[in-house]
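Here's the structure, in structure tokens; my notes come after.
The values are calculated or read from the model by the stated rules, or taken from the named source; none is laboratory data. What you see is a predicted model, and the numbers here were worked out from it, not measured in a lab. Cβ placement follows ideal geometry from the backbone for every residue including glycine, while neighbour counts extend to all protein chains displayed. The area values use the complete protein model at the heavy-atom level, side chains included, leaving out ligands, DNA and RNA. Shrake-Rupley method; radii C 1.70, N 1.55, O 1.52, S 1.80 Å.
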Amino acid sequence: MVTSLISMGLAGIDAFLVSVEVDLSRNIPSFDIVGLPDAAVKEARDRVRSAMQNCGYPFPQGKIIVNLAPADTKKAGSVYDLPIFLGLMSCSGSLDVSFKNMAFMGEISLSGEIRPVNGILPMVIEAKRQGLKAVFIPFLNAAEGAVVDGIDVFAVKTVSEVMDFLKGKRVLAAVKKAPFGEHCTAFEPDFADVKGQAQAKRALEIAAAGGHNLLMLGAPGTGKSMLAKRLPSILPQMTFDEAVETTKIYSVSGLLPAGDALIKSRPFRSPHHTISAAGLSGGGSMPKPGDISLAHNGVLFLDELPEFSSSALEVLRQPLEDGVVSISRVKSRLTYPSSVMLVAAMNPCPCGYFGHPTKKCTCTPQQVAKYLGRISGPLLDRIDIHVEVLPVEYEQLASNQRAESSAEIKKRVTTVRELQIARYAGTGITCNARLTPAMLNKCCPMTERASTLLKAAFNKMGFSGRAYDRILKLARTIADMDGCEIIDTVHISEAVQYRSLDRKYWSNS
């Protein structure tokens with residue numbers, strides 16, 4: 001006898017339909033799972049057998065074959081425990097129901113409890129897309145699964161609950177979706193605590209308003225890391241679509257906090273400089289998202305930038321340009337989104353005091369050149385804003401005057417972002433930093449004087465074509481902050497200023 005149920009598998013952050021076919025025949029007892037299962041899938045045999053015995057259900061005797069179709073696609077994890085269990089119950093005659101238009105996902109413990117699994121959100125989204133009417137998921141994945149409208153989501157704690165519901169002996173209510181609303185943040189570092197650093201704070205506000213990448217360079221103790229950690233407090237709230245896409249990444253990675261339906265605050269990832277290239281981009285035999293993707297729709301902060309390995313830094317180049325990470329394997333190619341704001345901080349030399357106004361640098365010119373040379377030109381070219389963070393004067397540090405709060409800055413940033421969303425409606429672009437080259441002429445009109453100034457700067461400073469595009473995008477954001485539709489000389493001047501720091505430090509490195 002053959003019974004077929006529907007479950008789900010994962011390929012990157014997207015799910016695909018898996019048909020779980022269970023066959024029981026009168027033959028020498030055996031239990032085989034086929035269809036490219038990994039070790040965790042194969043171990044379902046022992047989990048299901050023990051759960052049946054411990055819950056009082058007779059384990060069927062005979063030859064059992066479980067086929068996971070499509071058979072040429074790798075299956076991973078413990079998500080298939082529940083459908084295998086129900087398939088055996090149906091084949092043995094203990095359960096006589098139709099599984100049509102239903103999907104089942106969940107790991108089963110030896111005592112019959114249903115444990116949470118990774119990737120429930122993309123699985124429920126795909127189940128709805130396939131036209132299914134109901135999905136059964138682990139109770140601890142309830143909030144995550146209920147995000148999706150238009151499909152009944154039943155959260156179950158034990159296999160007995162599922163059996164009784166399918167037999168009509170128990171009533172289960174579909175999980176109710178919680179309203180999205182706004183994220184109420186807990187305590188976050190506030191810009192009101194930052195003394196001085198007006199130029200750096202201006203650069204961070206521009207970066208937040210347009211989604212631009214930013215590099216802060218300065219001596220130790222000038223506040224580079226402190227400023228970067230306050231950036232999330234001025235970023236605009238995520239939209240529902242952004243929250244769903246970010247949550248999918250955290251769901252498949254197993255990093256979604258228990259009980260949370262969605263990631264509502266923009267991610268802030270700050271990996272240590274010892275991270276590998278695979279740790280940043282993602283990878284493994286069954287590839288998982290790396291820190292670049294985990295920072296999607298948020299901030300990737302790289303402190304002590306030159307201390308990262310060259311392979312890790314160079315792996316950033318394609319994701320920063322394209323907004324996606326592509327991971328290729330022999331039998332598959334996965335794509336993870338990576339639309340991030342890169343914020344980096346670094347010292348100007350190994351001792352940290354090259355160019356310092358009062359402290360003497362102890363490094364040789366060769367050491368300085370070697371240190372700065374760890375940051376390649378192509379990577380620098382992809383960073384829109386280069387800003388020098390200077391030491392704060394004593395009078396500013398000792399002042400009792402409170403600086404402008406993050407809440408006040410955030411209001412301005414949100415206003416500018418809303419303007420961009422309205423301008424680019426229907427294009428899939430949400431901020432100036434994501435403008436395509438084809439859209440620049442239309443979206444970045446300049447006065448004649450501004451065009452003349454940009455031409456002079458381009459020829460004098462030897463900018464690349466990529467740098468030209470990024471200066472235009474940056475000037476577009478500065479103009480938006482001033483409420484100007486046409487880019488003028490003052491906007492071009494400030495944008496070019498933020499691209500001149502590499503000429504000061506890297507020209508002789």
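Give Arg382, Arg417 a once-over and let me know the one that is at pLDDT 95 or above, within 29 Å of Gly483 (Cα to Cα) and of a type in the set (Lys, Arg). Give the steps one after another, and end with the answer.
Values: Arg382 fails: at pLDDT 95 or above.
Just a single option satisfies the conditions, and that option is Arg417.
Quick test for you: out of Arg115, Arg45, pick the one residue that is under 21 Å from Ala15 (Cα atoms), under 35 Å from the mean Cα position of the chain (by Cα) and surrounded by fewer than 21 Cβ atoms within 10 Å (Cβ to Cβ). Walk me through how you get there before you give the answer.
Numbers: Arg45 fails: under 21 Å from Ala15 (Cα atoms).
Exactly one of Arg115, Arg45 is under 21 Å from Ala15 (Cα atoms), under 35 Å from the mean Cα position of the chain (by Cα) and surrounded by fewer than 21 Cβ atoms within 10 Å (Cβ to Cβ), namely Arg115.
Within segment 359-401, restricting attention to residues that are of a type in the set (Ser, Thr, Tyr) and not in a loop (DSSP other than H, G, I, E, B), which residue is farthest from Val194 (Cα to Cα)?
Pass one, segment 359-401, residues of a type in the set (Ser, Thr, Tyr): 362, 364, 371, 376, 394, 399.
Pick out the ones that are also not in a loop (DSSP other than H, G, I, E, B) and you get 371, 394.
Working: Tyr371: 29, Tyr394: 13 Å.
Checked segment 359-401; the qualifying residue farthest from Val194 (Cα to Cα) is Tyr371.
Restricting to segment 1-46, count the residues that are part of a helix (DSSP H, G or I) and within 18 Å of Val135 (Cβ to Cβ). Before the answer, list the steps.
From segment 1-46, those part of a helix (DSSP H, G or I) are 39-42, 44-46; that's our starting set.
Imposing the further condition that a residue be within 18 Å of Val135 (Cβ to Cβ) reduces the set to none.
Here the count works out to 0.
When you scan segment 158-266 for helices (runs of 4 or more DSSP H) that lie fully inside it, which ones turn up with 2 or more residues that are over 27 Å from Glu144 (Cα atoms) and open to solvent by 60 Å² or more (accessible area, probe 1.4 Å)? Show your work before the answer.
Numbers: elements: 159-167, 198-210, 224-229, 240-253.
Counting at least 2 such residues, we get 198-210, 224-229.
Residue pairs, Cβ under 7 Å, 6 or more apart or interchain, first in segment 368-384 and more than 17 Å from Gly218 (Cβ to Cβ) and among the aliphatic types (A, V, I, L, M), second open to solvent by less than 10 Å² (accessible area, probe 1.4 Å) and part of a helix (DSSP H, G or I). List them.
Leu379/Leu313
When both residues are 6+ apart or on different chains and their Cβ atoms are under 7 Å apart, which pairs have a first residue that lies in segment 61-77 and is in contact (Cβ under 8 Å) with a residue 60 or more places away in the chain, and a second that is open to solvent by 50 Å² or more (accessible area, probe 1.4 Å) and part of a loop (DSSP other than H, G, I, E, B)?
Thr73/Leu36; Lys74/Leu36; Lys75/Leu36; Ala76/Met286; Gly77/Asn118
May I ask you to verify whether Leu501 is in contact with an Asp or Glu (Cβ under 8 Å, 6 or more places away or on another chain), open to solvent by 10 Å² or more (accessible area, probe 1.4 Å) and of a type in the set (A, V, I, L, M)? Steps first, answer last, please.
Details: in contact with an Asp or Glu (Cβ under 8 Å, 6 or more places away or on another chain): yes; open to solvent by 10 Å² or more (accessible area, probe 1.4 Å): yes; of a type in the set (A, V, I, L, M): yes.
Criteria met by Leu501.
Pull up segment 267-295, narrow it to residues that are at pLDDT 95 or above, touching a strand residue (DSSP E or B) at 6+ places or on another chain (Cβ under 6 Å) and assigned to a loop (DSSP other than H, G, I, E, B), then point me to the one that is farthest from Gly323 (Cα to Cα).
So the residue we want is Ser270.
Where residues in segment 367-379 are surrounded by 19 or more Cβ atoms within 10 Å (Cβ to Cβ) and out of contact with any Cys (no Cβ under 7 Å at 6 or more places or on another chain), which of them is nearest to Val496 (Cα to Cα)?
Just the residues of segment 367-379 that are surrounded by 19 or more Cβ atoms within 10 Å (Cβ to Cβ), to begin with: 368, 371-372, 375, 379.
Pick out the ones that are also out of contact with any Cys (no Cβ under 7 Å at 6 or more places or on another chain) and you get 372, 375, 379.
Values: Leu372: 21, Ile375: 20, Leu379: 18 Å.
Only one residue fits best here, namely Leu379.
Among all residue pairs at least 6 apart or on different chains, which show Cβ distances below 8 Å where the first residue, located in segment 215-234, is within 22 Å of Leu313 (Cβ to Cβ) and the second is of a type in the set (S, T, N, Q) and open to solvent by less than 10 Å² (accessible area, probe 1.4 Å)?
Going by the 8 Å Cβ cut-off, there are no qualifying pairs.
Those residues that are part of a loop (DSSP other than H, G, I, E, B), open to solvent by 10 Å² or more (accessible area, probe 1.4 Å) and within 30 Å of Ala243 (Cβ to Cβ), I need them from segment 309-358; list them, please.
Let us first name the residues in segment 309-358 that are part of a loop (DSSP other than H, G, I, E, B), namely 309, 315-316, 323, 329-332, 338-340, 347-358.
Filter once more, keeping what is open to solvent by 10 Å² or more (accessible area, probe 1.4 Å): 309, 315, 323, 329-332, 339, 347, 350-351, 353-358.
Answer for segment 309-358, where residues must be part of a loop (DSSP other than H, G, I, E, B), open to solvent by 10 Å² or more (accessible area, probe 1.4 Å) and within 30 Å of Ala243 (Cβ to Cβ): Val315, Gly323, Arg329, Ser332, Ser339.
Can you name every residue in segment 267-287 that is touching a helix residue (DSSP H, G or I) at 6+ places or on another chain (Cβ under 6 Å), surrounded by fewer than 21 Cβ atoms within 10 Å (Cβ to Cβ) and closer than 25 Å to Cys431 by Cβ?
Phe268, Arg269, Pro271
Given Ser98, Ser111, which one is more than 23 Å from Ile249 (Cα to Cα), touching a residue at least 60 places away in the same chain (Cβ under 8 Å) and out of contact with any Leu (no Cβ under 9 Å at 6 or more places or on another chain)?
On the way: Ser98 fails: touching a residue at least 60 places away in the same chain (Cβ under 8 Å).
Selected residue: Ser111, the only one of Ser98, Ser111 that is more than 23 Å from Ile249 (Cα to Cα), touching a residue at least 60 places away in the same chain (Cβ under 8 Å) and out of contact with any Leu (no Cβ under 9 Å at 6 or more places or on another chain).
Only one of Ala76, Ala51, Ala69 is open to solvent by 10 Å² or more (accessible area, probe 1.4 Å), over 21 Å from Ile28 (Cα atoms) and at pLDDT 95 or above; which?
Numbers: Ala76 fails: at pLDDT 95 or above; Ala51 fails: open to solvent by 10 Å² or more (accessible area, probe 1.4 Å).
Of the residues listed, the single one that is open to solvent by 10 Å² or more (accessible area, probe 1.4 Å), over 21 Å from Ile28 (Cα atoms) and at pLDDT 95 or above is Ala69.
Count, please, the residues in segment 385-409 that happen to be touching a residue at least 24 places away in the same chain (Cβ under 8 Å), open to solvent by 50 Å² or more (accessible area, probe 1.4 Å) and among the charged types (D, E, K, R).
Total satisfying the criteria: 3.
Considering each residue of segment 56-66, count those that are out of contact with any strand residue (DSSP E or B) (no Cβ under 8 Å at 6 or more places or on another chain) and surrounded by 15 or more Cβ atoms within 10 Å (Cβ to Cβ), and give that number. Before the answer, list the steps.
Initially, segment 56-66 is screened for residues out of contact with any strand residue (DSSP E or B) (no Cβ under 8 Å at 6 or more places or on another chain), giving 56-59, 61.
Then keep just the ones that are surrounded by 15 or more Cβ atoms within 10 Å (Cβ to Cβ); that gives 57, 59.
So the count comes out to 2.
Taking segment 474-490, which residues are crowded, with 17+ Cβ neighbours inside 10 Å and either touching an Asp or Glu at 6+ places or on another chain (Cβ under 7 Å) or among the aliphatic types (A, V, I, L, M) (or both)?
Residues satisfying the conditions are Leu474, Ala475, Ile478, Ala479, Met481, Ile487.
Give me the helices (runs of 4 or more DSSP H) completely within segment 402-509, filtered to those with at least 2 residues that are among the aliphatic types (A, V, I, L, M), ordered by residue number. Before the answer, list the steps.
Details: elements: 406-423, 437-443, 448-461, 465-481, 489-497, 501-505.
Those helices (runs of 4 or more DSSP H) span 406-423, 437-443, 448-461, 465-481, 489-497.
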